[in-house]
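Student: Sending over a structure as structure tokens; questions will come in a sec.
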Amino acid sequence: MRAIWLCGMLLLAATPAFGQPASDPDARIKQMRAQVPCRNVTKIPLRGPDGRVGEVETGPYPYLDPSGNLIIYPGETITLALAKDGTGMPRLLKFADAKGAQQFAQPSANDATLEFQFSQMDGKTDMMLMVSNATSAVIKYDAVMSAVSDRGIDRVGTSTCPVNPPSSGQAAFFNTESWQHPIMRMIIRNIRPLAASASRACE
């Protein structure tokens with residue numbers, strides 16, 4: 001037996017910056033798709049709390065919205081461009097999933113990349129987010145996850161760890177975060193460089 005978890009209105013509630021009333025979701029989606037590259041609706045496998053493999057239905061939502069919020073589903077890899085010092089609004093460069101890759105832009109000479117890869121571990125409910133930082137800065141971000149539980153889907157915040165810059169000779173620094181429960185989607189927000197005096201705690 002296969003379960004299907006629908007995204008529904010959860011993401012719309014998380015992205016009020018598009019300026020349309022909650023009573024008009026179709027207009028909001030049209031506005032998003034006119035501004036930034038968006039997904040086509042598709043279904044991706046996800047192992048649920050009971051160990052069964054079900055499906056997550058993605059909505060026609062952006063990879064990176066106009067406010068700089070990144071939306072990522074299991075099985076996806078999203079590459080962004082930032083200034084080499086980690087400042088500025090992120091730009092969408094590339095999206096990849098099991099069906100292939102889409103290149104939206106090329107980094108400029110003044111850019112460095114920040115890449116997010118989200119997956120579920122084979123045969124487990126555990127989730128893993130790998131972040132690759134090629135900037136010269138320690139990068140921090142905030143995250144909200146749509147976690148799948150026996151009660152349904154819970155939208156909750158989660159702690160995140162700073163991602164160091166690459167050491168001498170490295171192209172990028174890789175950092176991995178994990179959770180022991182299924183997550184159908186994550187929203188990555190407030191991507192920023194940390195000042196030298198800022199805390200390096202995972203919070």
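Just so it is clear, none of the values below were taken in a lab; they were calculated from the coordinates. Because the structure is a prediction, the values reported are computed rather than measured. Backbone-built Cβ (ideal geometry, glycine too); neighbour counts: all protein chains shown.
Student: Give the number of residues within region 184-203 that are closer than 21 Å to G68 by Cβ and either hydrophobic (A, V, I, L, M, F, W, C) or part of a loop (DSSP other than H, G, I, E, B) (or both). Explain how you work it out, then say what you get.
Tutor: So the first thing to find is which residues in region 184-203 are closer than 21 Å to G68 by Cβ, and the list is 185-195, 198, 203.
Restricting the remaining residues to those that are either hydrophobic (A, V, I, L, M, F, W, C) or part of a loop (DSSP other than H, G, I, E, B) (or both) gives 186-188, 191, 194-195, 198, 203.
Number of matching residues: 8.
Student: Report, by residue number, each residue of region 149-202 that is loosely packed, with under 14 Cβ neighbours inside 10 Å, more than 24 Å from T125 (Cα to Cα) and over 17 Å from the mean Cα position of the chain (by Cα). First the steps, then the outcome.
Tutor: So the first thing to find is which residues in region 149-202 are loosely packed, with under 14 Cβ neighbours inside 10 Å, and the list is 149-152, 154, 156-157, 159, 167-171, 176, 178, 180, 190, 195-202.
Next, from what is left, pick out any that are more than 24 Å from T125 (Cα to Cα): 167-171, 190, 195-201.
S167, S168, G169, Q170, A171, A195, A196, S197, A198, S199, R200, A201 - these are the residues of region 149-202 that are loosely packed, with under 14 Cβ neighbours inside 10 Å, more than 24 Å from T125 (Cα to Cα) and over 17 Å from the mean Cα position of the chain (by Cα).
Student: Kindly establish whether D154 is under 21 Å from D50 (Cα atoms), of a type in the set (D, E) and outside any loop (DSSP other than H, G, I, E, B).
Tutor: Yes.
Student: Show the residue pairs meeting these rules: Cβ distance below 7 Å; 6+ apart or different chains; first residue within region 148-175 and over 29 Å from A137 (Cβ atoms) and without any contact (Cβ under 8 Å) to a residue 60 or more places away in the chain; second residue surrounded by 13 or more Cβ atoms within 10 Å (Cβ to Cβ) and among the hydrophobic types (A, V, I, L, M, F, W, C).
Tutor: Partner pairs satisfying both residue conditions: D154/A147.
Student: Filter region 49-67 down to the residues that are surrounded by fewer than 20 Cβ atoms within 10 Å (Cβ to Cβ) and under 20 Å from A112 (Cα atoms) and list them by number.
Tutor: P66, S67, listed by residue number.
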